[in-house]
Structure formats: C-alpha cells, structure tokens
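One structure is given here, and the rest of the page talks about it.
The values are calculated or read from the model by the stated rules, or taken from the named source; none is laboratory data. What you see is a predicted model; the values in this text were computed from it and never measured. Here Cβ is always computed from backbone atoms with ideal geometry, including for glycine, and neighbour counts include all displayed protein chains. In case anyone asks, the SASA skips ligands and DNA or RNA and just uses the protein heavy atoms, side chains included. Shrake-Rupley method; radii C 1.70, N 1.55, O 1.52, S 1.80 Å.
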Amino acid sequence: MQPARRAGLLAGLGLLSLGHLPSADLWAQGLAGSATPAATAASPAPLWVVMSERNAAQDEALRVLRGGTALPLQAGLWSDWAQWEQLASGSALMLLGARALAAWAQRQPPDLPAMPWVAGLLSQAAWAGLPAALRGRTHVAWLDQPLPRLAELLRLALPDRSRVAVLFGPATRVWREPLQEALHARHWQMQAAQLHESDGPAELFAALSRVLDSSEALLLLPDAQVVQPSQFQNLLIAAYRQRLPVVSFSQAHVRSGATLGLYTTPTQAALQMLDLLRKAQQPGVRLQQQWASQFELAINEPVARSLNLLLPSVAMLAGALMQRTGAAPEGGAR
C-alpha cells in the first residue's frame, strides 16, 4: 500500500499516529521503556500486542499497528510470559495469529481488567476451534474473504461459465450451505465433495476427480485437509489437465500456478484491527467479529493465456468487485 494512501485510511479511521514509535522486539522495549519516569507517569496506558511468531507477515502488521495509533505500544511473542503480568496496566490488547490466541486462552491472567481485546491474522476456521469463552469476548477480523465476494469474483471473472468444483474439509464444512447460496444467487452451480480428517491423498484426489468431471473451474478454500502444501501442485495439475482455471485464497498460490487469487494482506488485516479497536473503545459497543473488509487480487497472466482465458485486468476486476461488494481493494497483479 502506498504511504499516502495508508495515511489517508488511518486518518479516516481517526487513528493517525502522533509520531512513529520505536521498534519493540521485547515487551520491555518501546515508547514506555525509553521515557523518563515523569513522562511515563503522564503518558496513556499502553496498547499491548501479542505476536504468534516473528515472520514477515506479523512484522508487517506490527508496523501498521505501531504507525496507526497514538497510544504507546508494547509488543512481544506469546512465549515471553515473564512480562505478562504487566498487561494489567494496558489500555487494550491485540493478538496476532492463532497461536497467540490459543496461548491467551490457556494462560489468561485472572485479574486482567475489562480492556478491549482485538484479534487478527488468523482464519475463521482457526477461530472456530478456540474456546467459546474466548470467542465470546474478543473482537476479531478474520483473514478470510466473505463468501459472497468469492462468488461475485467468479461471476465477474468467468461470466461464460456456471459450474465450479469445491472441496470442503473439516474446517470449512460449515461454509458449504452459505457458499452454495451465494453461488446460486449469481447463477453458479457448485459441484461439491466433503473430506474427513482421516482422509489421505488417495481420498483427496478421488473426490477431486469426481467434482472436476462436471465443472468449469476449481475454487480452493482455506482448509488444511484440502490444500496441503505437499499436494498443491498435484491439485493444479489435475485441474489443468481438464483446462480448468483455479481460483485461490493465496497470493503464493497464484505465484505457484493458480489462475486467480483473492486474498487479504497483513497491512489490510492490521488496518481492520485498528478500526475494530476504535469501535471497541466506544461505550456499550457490541462484539465485532468480521470477515476481511479489504482485498487484493492477483492474476497469473501466463496461466490464463495458456487456458485461453480473456480475463479483465486486475484494476477492472477489482473496481467491479468493489462496486458490487462495497469492499476496498488494493489491486495489483502479482
């Protein structure tokens, strides 16, 4: 995202930073750690950020969070329990990724005050596997795109087709009916198969063969039982042998050979978390649990050409999708 555009989005959220906060690799570092005792006493309570791991995605999200709030920010890994007693002094808590949330559910300090909790950088399926008590208190922005947006993308990108193959695993089983409804509303038929936790590659490809035989595209959902890294190239090969485009939820999948991708970037996820934080700090706010509000599109142009597909440009496709779904895209071919 361009710096000027990101600043505009942050200003629109009412969360533009008063200044860039220093890096905080450990809990004890950050603005509060570098301030004088008098300044610390007068400063607002910090925003605590618990990270699942140090990787490019979480570091990118942390930079956006740090630049998007005027609060002093303290960040650290979920495994750094020595500092967790300090959380009672915070103004709000943000949790990045499923591991941080799972750890929080297990080791939540009993005397923690009623500060807002906001979670992000995790899938809806991972969220659904967490304890109900945690889910009943935490505001969350999932990485997953809304199912109507997926269906609308198929209609816009492939207007002359009407049958799509979809494999559901245990994590996406509950998506089957709402996805079918979203597709049906856009004149698409879903050719579906259900995988189970005990199914291996043989069952995966038997189910895939059944649904591909009567389909004109393959839609991949974020389900680990279906999209296994060791089997991803075989999924692509099976679809392309039948000259079918593959629509995925991952930019990396598009780089690896999927035809089209609709996904959420860490920057977009962090901006949505900041918006949730603003709402969570309002008196009497209801719990906010949201699908991704923004999106990015990617097209693998060589693959599309090899399938003789005349796809709209990323800019045209993103603009039409935004108009029809009310989302804010950050388009760019990858």
* Within the range 98-124, work out how many residues are closer than 17 Å to Gln74 by Cβ, assigned to a loop (DSSP other than H, G, I, E, B) and at pLDDT 80 or above. => 2
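Every residue, every condition in (1) out of contact with any strand residue (DSSP E or B) (no Cβ under 7 Å at 6 or more places or on another chain); (2) at pLDDT below 95, yes or no:
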{"residue": "Pro229", "(1), (2)": "yes, yes"}
{"residue": "Arg243", "(1), (2)": "yes, no"}
{"residue": "Thr267", "(1), (2)": "yes, no"}
{"residue": "Gln288", "(1), (2)": "no, yes"}
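Would you mind stating whether Leu271 is farther than 19 Å from Glu216 by Cβ and open to solvent by less than 60 Å² (accessible area, probe 1.4 Å)?
Details: farther than 19 Å from Glu216 by Cβ: yes; open to solvent by less than 60 Å² (accessible area, probe 1.4 Å): yes.
So Leu271 fits the description; yes.
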* To do: Please identify the pairs in which a residue from the range 156-185 that is closer than 16 Å to Ser248 by Cβ has its Cβ atom under 6 Å from the Cβ atom of a residue that is of a type outside the set (A, V, I, L, M, F, W, C) and in a helix (DSSP H, G or I), counting only partners at least 6 apart or on another chain.
  => Phe168/Arg176
* Does Leu310 qualify as being in a loop (DSSP other than H, G, I, E, B), among the aliphatic types (A, V, I, L, M) and over 26 Å from Leu122 (Cβ atoms)? -> yes
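On the basis of being in contact with a His (Cβ under 8 Å, 6 or more places away or on another chain) and open to solvent by less than 30 Å² (accessible area, probe 1.4 Å), does Phe232 make the cut? Spell out the reasoning first.
Numbers: in contact with a His (Cβ under 8 Å, 6 or more places away or on another chain): yes; open to solvent by less than 30 Å² (accessible area, probe 1.4 Å): yes.
The answer is yes for Phe232.
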* Asked: Restricting the range 217-227 to residues that are touching a strand residue (DSSP E or B) at 6+ places or on another chain (Cβ under 6 Å) and without any contact (Cβ under 8 Å) to a residue 60 or more places away in the chain, which is surrounded by the most Cβ atoms within 10 Å (Cβ to Cβ)?
  -> Leu218
* **The lone exception for Ser214 - which of (1) loosely packed, with under 14 Cβ neighbours inside 10 Å; (2) modelled with pLDDT of 95 or more; (3) touching a strand residue (DSSP E or B) at 6+ places or on another chain (Cβ under 8 Å); (4) not basic (Lys, Arg) it fails** => (2)
* Selection status of Ala224, of a type in the set (Gly, Ala, Ser) and under 19 Å from Ser123 (Cβ atoms) -> yes
* To do: Considering only the range 132-167, state which residues are more than 23 Å from Leu311 (Cβ to Cβ) and open to solvent by 50 Å² or more (accessible area, probe 1.4 Å).
  => Ala132, Ala133, Arg135, Gly136, Arg137, Leu143
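Take the residues in the range 240-266 that are assigned to a helix (DSSP H, G or I) and touching a residue at least 40 places away in the same chain (Cβ under 8 Å), then tell me which one is surrounded by the fewest Cβ atoms within 10 Å (Cβ to Cβ).
Going through the range 240-266, the residues assigned to a helix (DSSP H, G or I) turn out to be 240-241, 251-256, 266.
From the residues that got through so far, the ones that are touching a residue at least 40 places away in the same chain (Cβ under 8 Å) too are 240, 251, 254-255, 266.
Details: Tyr240: 17, Gln251: 19, Val254: 23, Arg255: 12, Pro266: 21.
Step by step, filter the range 240-266, then rank; the result is Arg255.
Give me a count of the residues in the range 283-295 that are outside any loop (DSSP other than H, G, I, E, B) and surrounded by fewer than 21 Cβ atoms within 10 Å (Cβ to Cβ). Before the answer, list the steps.
We begin by selecting, within the range 283-295, every residue outside any loop (DSSP other than H, G, I, E, B); these are 289-290, 294-295.
Keeping just the survivors that are surrounded by fewer than 21 Cβ atoms within 10 Å (Cβ to Cβ) gives 289-290, 294.
Number of matching residues: 3.
With under 24 Å from Leu62 (Cβ atoms) and assigned to a helix (DSSP H, G or I) as the only criterion, which of Ala269, Ala320 stands out? Before you say what the answer is, go through the steps one by one.
Details: Ala320 fails: under 24 Å from Leu62 (Cβ atoms).
It is Ala269.
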